[in-house]
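Here the structure is laid out as structure tokens; the discussion comes afterwards.
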Amino acid sequence: MKDYATAERMFEELRSAGTDPGAVAFYLGQIAEETKRYDEAIARYREVTDGERAWIATLRIATVLAKKGDIEGARRYLASLKPENRERGVEVRQAEAQVLRDTGDYKGAYEVLSSALAADPNSVELIYDVAMVAEKLDRLDEVESRLTRLIELRPDNPQALNALGYTLVDRTPRTAEGLKLIEKALTLAPEDPSILDSMGWAHFRMGNLGDSEKFLRRALADRPDPEIAAHLGEVLWAKGDRDRAKEVWQSQLKETPDNALLLETVRRLAP
């Protein structure tokens, strides 16, 4: 459990002392956002006017508006921004799509991202995001074509290799093909928890439960994550270690009680 009260007192003291006002305002905004004091979060983020944090804070305001339930207000706010370069223009569209994704409106997010990609067809960031939303819409052919294009543009991009490999492992019978892509991603980013998770899940699909558990334990140790926990618990369940599986799931449910994959896994295996 994060001690937000203590952190807030510390930053308020720094604020009173006039220490790095922009950074202090940014962190106070984060604390207010995490503790669901949304109007205060917006006020603090508006105080961040210098440096890279200022742009991050600007985009966070849209997220906070969405958390307040004002989705259209968040979209209008983003539309009012005037990005100073292409990269920031992409980030604005990504932020709008994320607002929609967070509400489950994957079709709307797909339309926003596809429109942005049509104007910037070689944007690796947009190609990746379109692929990820297409997966949520079960457009697997498009997922594969987009990620294949991304790998053509960036052949050593571990995230793209991992995303395509995981999709093949999880959503198609092409497990061996997917594993090869994940293995290449792992050589490029050997400590990445998402790639370790994909390795573990690929080995599970192939029946290699021992190897699967090793990869998934490494992933979960590096990044407590509901999807990794769902995968590790399922492997333990398949090995017959049901008590440990339940421990993994219950521990993660305390932190992320609403994760769809984790809930589905628990309901399917241990109703």
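What follows draws every value from the coordinates through simple rules; no lab data is involved. Source: prediction; values computed, not measured. Methodologically, a virtual Cβ is constructed for each residue, glycine included, from the backbone with ideal geometry; neighbour enumeration extends over all protein chains shown.
Worth a mention:
- Using a Förster distance of 25 Å, the FRET efficiency for residue 254-residue 183 (Cβ separation, nearest 0.05): 0.15
- Pairs of Lys in segment 36-159 closer than 25 Å at Cα, counting only those 8 or more apart or on different chains: 9
- Which label in (i) 20.6; (ii) 20.0; (iii) 19.4 gives the computed Kirkwood radius over Cα pairs in Å: (i)
- Counting 0.36 nm for each residue step from residue 84 to residue 111 and taking away their Cα separation leaves a gain of 7.4 nm.
- Helical content of the chain, expressed as a calculated mean residue ellipticity at 222 nm, amounts to -25000 deg cm²/dmol (DSSP H runs of 4 or more residues, -39,500 (n - 2.57) each, divided by residue number, nearest 500).
- Helix 21-34 vs. the chain, principal-axis angle (Cα, 0 to 90°, nearest 10): 50
- In degrees, nearest ten, helix 86-102 long axis to first principal axis of the chain (Cα): 70
- In plain terms, the C-alpha convex hull of segment 189-271 casts an average shadow of 4.9 nm² when viewed from every direction.
- Taking N as the residue count of segment 1-81, its C-alpha radius of gyration divided by 2.2 N^0.38 Å amounts to 1.10.
- Residue-wise HN-Hα coupling along segment 38-45, computed from phi with Karplus coefficients 6.51, -1.76, 1.60 (Hz; x: Gly, Pro): 5, 5, 5, 4, 4, 4, 5, 4
- Computed over segment 84-155, the alpha-carbon pair-distance distribution with 10 angstrom bins reads 22, 54, 23, 1, each value a whole percent.
- Angle between the chain longest axis and helix 106-119 axis [Cα atoms, degrees, rounded to 10]: 80
- Virtual spin-label span in nm between residue 70 and residue 208, 7 Å along Cα→Cβ: 5.2
- GNM flexibility winner over the chain from 208, 85, 157 (Cα, springs under 10 Å): 85
- Normalised contact order of the chain, rounded percent, pairs of Cα under 8 Å and 6 or more residues apart: 7
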